[in-house]
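Comments concern the structure below.
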Amino acid sequence: MLARIYRPAKNAMQSGKAKTKDWVLEFEPASARRPDPLMGWTQSSDMNGQVRLTFETRDEAIAYAQRHEISFQLFEPKVPKRIIKAYADNFAANRKQPWTH
């Protein structure tokens, strides 16, 4: 039973960063999903795939996994590169490319 500990990325559909500060512990799928012969929905016999635990810090998630003897992989979050711009920079005289309309 292998678990992943990570911090989720920002939702691509919104500009806010809600639900990105907590750390998540999820279990890796033990078996592949397969289609149900009657309805065609995907099914799995792995019940750990439904478990998703959230923690405030990385250390709490690691301590939980070690306390319950769960082997885990830790994925550190990538810090986004911030490019700070002002709207007035579009009309600056010293632009690299001339502004034309």
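Numbers below:
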| quantity | calculated |
| --- | --- |
| For region 23-77: relative contact order, % (alpha-carbon pairs under 8 angstrom, 6 or more apart) | 37 |
| Difference of contour (0.36 nm per residue) and Cα-Cα distance, Y6 to Q66 | 20.1 nm |
| Measure of compaction for region 1-99 (Cα Rg per 2.2 N^0.38 Å) | 1.68 |
| Cut-off 11 Å between beta-carbons: net charge of the residues surrounding G49, Lys and Arg +1, Asp and Glu -1 | -1 |
| Whole-percent carbon and sulfur share, accessible surface of the chain, 1.4 Å | 54 |
| In the chain, trypsin sites (Lys or Arg not before Pro) in a DSSP loop with at most 14 other beta-carbon atoms within 10 Å | K10, K17, K19, K21, R33, K78, K81, R82, K85, R95, K96 |
| Long-range Cα-Cα pairs in region 1-57 (distance over 15 Å), rounded percent | 62 |
| Accessible area in square angstrom per residue, region 1-48, 1.4 angstrom probe | 79 |
| In the chain, lysine pairs closer than 18 Å at Cα, eight or more apart or cross-chain | 10 |
| Calculated FRET efficiency for the pair R82/N48, C-beta based, R₀ 25 Å, to 0.05 | 0.10 |
| Residue range of the chain that is longest and free of chymotrypsin sites (Phe, Trp or Tyr not before Pro) which are both DSSP loop and sparsely packed (at most 12 other C-beta within 10 Å) | 1-40 |
| Mean Cα-pair separation over length for the chain, i.e. relative contact order, pairs under 8 Å, 6 or more apart, % | 31 |
| DSSP bridge pairs, the chain: antiparallel proportion in percent, nearest 5 | 70 |
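The values are calculated or read from the model by the stated rules, or taken from the named source; none is laboratory data. Computed from a predicted structure; not experimentally measured. For neighbour counting, all protein chains shown are included, and Cβ atoms are generated from backbone atoms with ideal geometry for every residue, glycine included. These area figures cover heavy atoms from the full protein model, side chains too; ligands, DNA and RNA do not enter into them. Shrake-Rupley method; radii C 1.70, N 1.55, O 1.52, S 1.80 Å.
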